[in-house]
1. Over 22 Å, how big is the tail of the calculated P(r) for the range 1-82, in percent of all Cα pairs?
2. Given springs between every Cα pair under 10 Å in a Gaussian network model of the chain, which of 96, 13, 196 has the largest fluctuation?
3. In angstroms, what radius of gyration and Dmax does the range 99-142 have, counting Cα atoms only?
4. For helix 113-135, what angle does its Cα long axis make with the longest principal axis of the chain, in degrees from 0 to 90 and rounded to 10?
5. I need 197, 63 ordered by Cβ neighbour count within 10 Å, fewest first.
6. For the chain, set up a GNM with springs between Cα atoms under 10 Å and report which of 157, 210, 84 has the largest fluctuation.
7. Name the most mobile residue of 75, 198, 92, meaning the one with the largest mean-square fluctuation, in a Gaussian network model of the chain with Cα contacts below 10 Å.
8. Helix-only mean residue ellipticity at 222 nm, the chain, DSSP H runs n ≥ 4 weighted -39,500 (n - 2.57), per residue, nearest 500. What is it?
């Protein structure tokens with residue numbers, strides 16, 4: 001169970017938040033969400049040559065990218081502008097946004113690059129299984145341990161924690177990359193987020209695939 005299980009509970013708040021944007025087109029909100037995601041990925045890349053303090057901006061950019069990604073659907077429903085074309089565009093933009101953010105964080109200098117690659121594969125497989133279910137008539141799958149809302153919340157939190165650990169607190173580690181030690185291996189907060197993506201992403205992808213396979217009629 002991930003953040004998707006709270007969709008019904010937060011829907012009234014999303015509707016209230018969407019009121020100032022009812023004059024916008026859903027596609028404009030989707031485009032804004034994508035632009036913020038690319039900005040987050042680009043700023044993460046800049047961290048490599050500047051300062052981890054930029055992770056503050058990265059965290060907020062990821063968060064607001066997720067907010068506007070939710071608002072586009074709410075505005076589409078409330079204004080009667082839902083369409084197959086808009087739904088398709090939203091999913092395309094979501095995948096590009098996911099890739100931009102994960103790649104940006106992976107090359108920020110605060111992550112183990114191969115781990116980022118594996119996380120990206122798991123992320124794309126998770127999304128693929130959800131849309132493939134729809135392609136075979138089983139409806140779009142959003143649940144699991146690593147739905148899109150979970151991904152954005154985890155990535156935003158990881159970036160903000162890296163920012164916090166980079167401040168000159170009395171308890172802050174002396175070496176920027178020396179964050180968390182487990183069994184002799186050093187991880188940054190972003191590494192742990194990406195590692196969770198690998199494990200939870202594969203679990204979610206396999207669970208979705210198994211659920212759809214069981215629901216399909218047996219072959220002749």
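1. 37 percent
2. Comparing 96, 13, 196 in the GNM, the peak value goes to 13.
3. Calculated on Cα positions, Rg and Dmax stand at 13.5, 43 Å.
4. It works out to around 10 degrees.
5. Ranking 197, 63 by Cβ neighbours within 10 Å, fewest first, gives 63, 197.
6. 84
7. 92
8. So the helix-based figure for the chain works out to -23500 deg cm²/dmol.
Each value in this text was obtained by applying a stated rule to the coordinates, not by laboratory testing. Worth saying up front: this structure is predicted, and the values here are computed from it rather than measured. When we count neighbours, we look across all protein chains shown, and the Cβ atoms used for this are built from the backbone with ideal geometry, even at glycine.
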